[in-house]
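First up is the structure itself, then whatever we jot down about it.
Computed from the coordinates by the stated procedures, all read-outs in this text should not be read as laboratory data. For clarity, every value in this text was computed on a predicted model and none was experimentally measured. As a convention, Cβ positions derive from the backbone with ideal geometry for all residues, glycine included, and neighbour counts pool all protein chains shown.
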Amino acid sequence: MSDTTQPTRKGQEFEQTLDASDKTVASFEHESRGFVDRLQHALHSNPTLVPVIVLIGAVAVFGLIAGGKFFSAFNLSLIIQQVSIIGILAAAQSLIVLTAGIDLSVAAIMVLMAVIAGNLSVYMGVPPVLGLLASFVGGTAAGLMNGLLVTRVKLPPFITTLGTWSIFYALNLWLSGAQSIRSQDIDANASILKFFGNNIALGGARITYGSILMVAVFAVLWYMLNKTAWGRHVYAIGDDKDSAELAGIRTDRTLLSVYALSGFVCAIAAWASIGRVGSISPQAFYEGNLQSITAVVIGGISLFGGRGSIMGALFGALIVGVFQSGLRLAGVDVLWQVFAIGWLIIFAVAIDQWIRKVSA
Amino acid sequence: MTQPVIKARGLVKRYGKVTALDHCDFDLMPGEIVAVIGDNGAGKSSLIKAISGAVSIDAGTIELEGKPISFSSPLEAQDAGIATVYQTLALSPALSIVDNMFMGREIRKEGIAGSVFRALDHAKMREIAREKLSELGLMTIQNIDQPVETLSGGQRQGVAVARAAAFGSKVIILDEPTAALGVKESRRVLELILDVRSRGIPIILISHNMPHVFEVADKIHIHRLGKRLCVIDPKEYSMSDAVAFMTGAKLPEGAVEAA
Ligand SMILES: Nc1ncnc2c1ncn2[C@@H]1O[C@H](COP(=O)(O)OP(=O)(O)O)[C@@H](O)[C@H]1O
Ligand SMILES: [Mg+2]
């Protein structure tokens, strides 16, 4: 304490001059900045701009290189179809990443739920609708289990889901006996499981129900995250959990709902995946966990939480699909596709670091 | 004798081996401003966190208007009408000013859009936030959607104070609200404090700024080593007395300092 002045009761003299002072309130002048500065601010207020630009750029470049083959309605609809499962998983992943977590188990939950729905409806004579219902309950429960470990046992999400990834994968091998359920068997007993493999022909395009489902999942989650109080709370928790708690958010309850919802979305992906693949394979989508994270990161959602739009993950998934398709049509070896995606991830994270340094 | 708005007795709070509150008492009477002063680490923030439900106490009782309370979360305290500006402000930097002001108290649209689809009424929240902020005079109003992290320290503090002033109905607690503010902005916060009191709402003010404390406080609670050392009337003591008490250089008459 330095200001041990004489006792004064007449207010503070040094402040009397304030009456004569400039009365303009603290303002936010945006004096003209350099281009880089303005770009940084633009990206800061809209981090999804980067993936949108990359997506448009990639489509344009591959359109030029691979020409009509790439730009055909058929190929473009095929890209959407190919990314639909990873896209839905990326939606589930985005929810967790927005809370500053990470979920290594999304694909494992999805495959396990596909196996559960398949086993029940194809082999055990359960009506397929109930089989699907069981997978939705199961997916939600699996997500809830992750959430309980994170909020109640206070384990870091990375470790929690690293563990449950193994657990769900082992359960999946056990339940399936490491055997696939064949396409014919599904058709014979439970064709509804393949519902999302149907498509609508629009000109040359083949739009599968699964592609439409992916867009619908993103639309609903976007609404929840941006137009409801719950969504604001999710962002606040990812931003600074302690502050959110002090501000009056029940952070653990919200986190639990996020994990449960994420598990539910994985079960949606499970249903869609049966239509996409045709059969139910316990070994499918083994890299799905990491691919969903790739889409989220390329989509400009910060791994530090609280920043980015879930729509970014959709664009991220599409960017990966466009690169794969474009490079393949241009006759480039698969290894260079993987190489390119790797650079995209690093580029995206570097951009995020730069954006977060923005200041007043 | 009138009933205290807040009456705390024998509060104990330990963080591991550190005893932050050591059988601390606290009183706040209706309509008054009580300033809490004390050295860094004396336990001032812990005291107000105990009252606002941000930490759970290990022992002691707290009454709000005569009724015992035991909040298990800040939300419960807020619902009971106690609004707090924490030293750390408790803002979400990436979210907008409006989002922050209404965090946890969002307004939904009317009709099924709100009840079934849970849609937020952004327009209404913006309008109210604008009103509150211009009352405070701390913000220009067209930037209500600006993320808080792009504001200056003083502006952030303004948002946090406006949030508490807008929602505190029984008690408003401010933990070092002017620490990051310039002269002009501090003055506005002090005016706001006096304004809130004139509406009959009592205030707990933690501050290191002696001139401010002596200017606005009706009573000064001197906190030392985790407990209330004494309560003084700012009209009867000088700032140097207060500082001497809180640093242990001098003992108030009648007070016996525990070891
Ligand atoms: N979350 C915490 N964990 C551990 N120790 C804490 C925590 N919060 C406060 N303390 C300790 O409790 C004591 C009182 O702190 P605090 O209430 O913040 O004091 P003040 O606000 O008067 O500076 C200090 O010794 C501080 O280090
Ligand atoms: Mg403090």
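Over chain B, DSSP H runs of length four or greater, each weighted -39,500 (n - 2.57), average out per residue to a 222 nm ellipticity of -9500 deg cm²/dmol.
A quarter of the convex hull surface defined by the alpha-carbon atoms of the protein assembly as shown gives 33.8 nm² as the mean projection. Checking the a/c ratio against 1.5 first, then a/b against b/c, what shape does the Cα gyration tensor give for the stretch A:51-356? Because a/c hits 1.5 or more and a/b fails to exceed b/c, the stretch A:51-356 counts as oblate. Bridging of A:Lys241 to lysines at a Cα separation below 18 Å is possible for A:Lys154, B:Lys49, once same-chain residues fewer than 8 apart are set aside. Once Rg and the Kirkwood radius are both taken over the C-alpha atoms of chain B, their ratio Rg/Rh works out to 0.99.
Net length available on complete extension from A:Leu173 to A:Glu287 is 39.5 nm, with 0.36 nm assigned per residue and the Cα-Cα distance removed.
At an R0 of 25 angstrom, the distance between the Cβ atoms of B:Arg14 and B:Asp218 translates into a FRET efficiency of 0.20.
Please give the length that would be gained between B:Asp22 and B:Ser115 if that part of the chain were fully extended, namely 0.36 nm times their separation in residues minus their C-alpha to C-alpha distance (nm, one decimal).
Details: separation 93, 0.36 × 93 = 33.48 nm, distance 4.69 nm.
Full extension of this stretch gives 28.8 nm more.
Between A:Ala295, A:Ala92, A:Ala58, the GNM of chain A built on Cα springs shorter than 10 angstrom shows A:Ala58 fluctuating the most. Just checking the listed ones, A:Ser135, A:Ser262, A:Ser325: in the Gaussian network model of chain A with Cα springs under 10 Å, the one fluctuating most is A:Ser325.
Farthest towards the positive end of the charge dipole of the protein assembly as shown, among the residues A:Gly87, B:Gly10, B:Gln155, is the Cα of A:Gly87, using unit charges on the Cβ of Lys, Arg, Asp and Glu. Under 19 Å from a label point set 7 Å out along the Cα-to-Cβ vector of A:Val36, the amide N atoms of the stretch A:332-360 belong to A:347-360. Each of A:Val349, A:Val122, A:Gly306 was placed along the dipole of chain A (beta-carbon charges, centred on the mean Cα), and the one lying farthest toward the positive end is A:Val122.
Any idea what diffusion coefficient the stretch B:120-259 gets from Stokes-Einstein, in µm²/s, Kirkwood Rh on alpha carbon pairs, 25 °C, 0.890 mPa s? Could the numbers behind the result be given before it?
Details: Rh = 16.8 Å.
For these conditions, the coefficient is 146 µm²/s.
On the beta carbon distance between A:Val129 and A:Arg206, with R0 = 30 Å, the FRET formula returns roughly 0.65. Remark: spin-label model distance A:Phe71-B:Ser240 equals 8.6 nm, labels positioned 7 Å along the Cα→Cβ axis.
Computed from Cα atoms, the angle from the helix A:106-118 axis to the main principal axis of chain A rounds to 30 degrees.
For B:Lys132, the aspartates and glutamates whose Cα comes closer than 19 Å to its Cα, not counting residues fewer than 8 places off in the same chain, are B:Asp99, B:Glu106, B:Asp121, B:Asp145, B:Glu185, B:Glu191, B:Asp195. Taking only DSSP H segments of four or more residues, each worth -39500 (n - 2.57), what value at 222 nm results for chain A once the sum is divided by all its residues, to the nearest 500 deg cm²/dmol? Using -39500 (n - 2.57) per qualifying helix, the result is -22000 deg cm²/dmol. Taking the charge dipole of the stretch A:150-269 about its Cα centre, with +1 at Lys and Arg Cβ atoms and -1 at Asp and Glu Cβ atoms, the residue from A:Val217, A:His233, A:Ala170 reaching farthest to the positive side is A:Val217. Amide H contacts of B:Lys227 (H built 1.01 Å from N, in plane; Pro and chain starts excluded): B:Asp22 sit under 5 Å, all sequence-distant by 5 or more or on other chains. Here the simple spin-label model places points 7 Å from the Cα toward Cβ, and for B:Val183 and A:Val349 these points are separated by 4.9 nm. Result for chain B in a Gaussian network model with C-alpha springs under 10 Å: among B:Ser134, B:Ser45, B:Ser186, the largest mean-square fluctuation is at B:Ser134.
Relative to the longest principal axis of the Cα atoms of chain B, the long axis of helix B:153-167 lies at roughly 90 degrees. Kindly list the residues of the stretch A:201-238 that lie in the label zone of A:Phe195, defined by a backbone N under 17 Å from the point 7 Å along the Cα-to-C-beta vector. Residues passing the 17 Å test: A:208-218.
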